[in-house]
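Notes follow the structure.
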Amino acid sequence: MRRALLCAFSGFVVCALLSTAVLAGGRNPADYPLRVHIYQIDNNSHYRYHDLDYVDGEGRANLYENGDPKGFDFHFRCDNRLLYSSGYETYPARWKKPGRTLEILQKQFGKPGAYEACELQVEMKASTAYYRKNGLLYEEPAAEFKQWMEKLQYDPEHGKNEPVKPVAAPATAPAPASTTPFPAPAQAPAGTPATGTNVPPQSLRQ
C-alpha cells in the first residue's frame, strides 16, 4: 500500500514538472520575432464577485516587421490589463492570423521570467506609422519613420532597443592665414572684363 502511494505521488510530481515545462515552453519570447510598441490604450476592467474577470479595450500601436514600421489600431479582450510602452520598449509579437490578429507577450507581474499572451484584433494602416511628439500622437509616412530608424540605428527586432544619436564629426581647425602678400592684380586693357584669377582665396565661397 505504501509502495503504491509512493509511486502515485512520484507520478504526480513528474506530471506537475512536465506540465510546468510545457506551460513555460508555450510562452517562449524566441517564438515571437516581431515587436509592437503601444502608444495609446484604453483598458476596461470587468469584475465578477469582486475578482477581475477580464479586461477589454482599444488602442493604437506600431508593428515592427522585417525592419518596417507599420501603424495599426486594435481592440482586445484579455485576462489582465495592457500597459502602453514606456520609452522605446516593445512587446514580443507574432501573427496568429496575418493582417488580422496579433499575439503579444507581456510579463506576468510578480513572476520573473513568466509571460502571458494577449491577442489583438488589428486594423493595419495602409502606409503610415505613429509617433509621439510633445505628448501628442501623430501619423507620418512609414517611409519617413523608417529613415529615422535607420539614421538612429533603432531596430527592436534585433535587440537595438534604443535609438543612437549619430556622433558629429570633429570640427577641422581653419588653416592659418598665409603671410605671403598677394600680388597686385594685373591691369587689364580698357574694356576687358575682369577674369577673377587674382581674387584672394579667402573671398571664394566654400
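The values are calculated or read from the model by the stated rules, or taken from the named source; none is laboratory data. Predicted, not measured: the structure shown is a model, and the values here were computed from it. Here Cβ is always computed from backbone atoms with ideal geometry, including for glycine, and neighbour counts include all displayed protein chains.
Observations on the structure shown:
- Leading residue by the ranking (surrounded by the fewest Cβ atoms within 10 Å (Cβ to Cβ)) among those in region 132-146 that are part of a strand (DSSP E or B) and of a type outside the set (K, R): L136
Rundown of residues vs (1) closer than 22 Å to D68 by Cα; (2) exposed (fewer than 12 other Cβ atoms within 10 Å of the Cβ); (3) modelled with pLDDT under 95; (4) not β-branched (V, I, T), yes/no style:
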site	(1), (2), (3), (4)
F109	no, yes, yes, yes
G113	no, yes, yes, yes
K125	yes, no, no, yes
Y130	yes, no, no, yes
W148	yes, no, no, yes
H158	yes, yes, no, yes
K165	yes, yes, yes, yes
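- Within the set D53, D42, the sole residue that is of a type in the set (D, E) and either within 24 Å of F145 (Cβ to Cβ) or surrounded by 15 or more Cβ atoms within 10 Å (Cβ to Cβ) (or both) turns out to be D42.
- Among the residues of region 89-99, the ones that are free of Cβ contacts under 8 Å to residues at least 12 places away in the same chain and either touching a Pro at 6+ places or on another chain (Cβ under 9 Å) or in a strand (DSSP E or B) (or both) come to 1 in all.
- Criterion (among the polar types (S, T, N, Q), surrounded by 11 or more Cβ atoms within 10 Å (Cβ to Cβ), over 17 Å from P69 (Cα atoms) and at pLDDT 85 or above) met by exactly one of Q153, Q121: Q121
- Candidates L82, L102, filtered to the one that is under 29 Å from P141 (Cβ atoms), at pLDDT 90 or above and not in a loop (DSSP other than H, G, I, E, B): L102
- Test set (1) hydrophobic (A, V, I, L, M, F, W, C); (2) out of contact with any His (no Cβ under 8 Å at 6 or more places or on another chain); (3) at pLDDT 50 or above - L5 fails condition number: (3)
- The one condition in (1) surrounded by 12 or more Cβ atoms within 10 Å (Cβ to Cβ); (2) farther than 23 Å from H158 by Cβ that K97 fails to fulfil: (1)
- Residue pairs meeting the criteria (Cβ under 8 Å; at least 6 apart or on separate chains; first touching a residue at least 12 places away in the same chain (Cβ under 8 Å) and within 11 Å of S127 (Cα to Cα), in region 138-151; second of a type in the set (F, W, Y) and not in a helix (DSSP H, G or I)): E139/Y130; E139/Y131; E140/Y131; F145/Y131
- Picking from residues in region 58-93 that are of a type in the set (K, R) and in contact with a Leu (Cβ under 8 Å, 6 or more places away or on another chain), the one that is surrounded by the fewest Cβ atoms within 10 Å (Cβ to Cβ) is R60.
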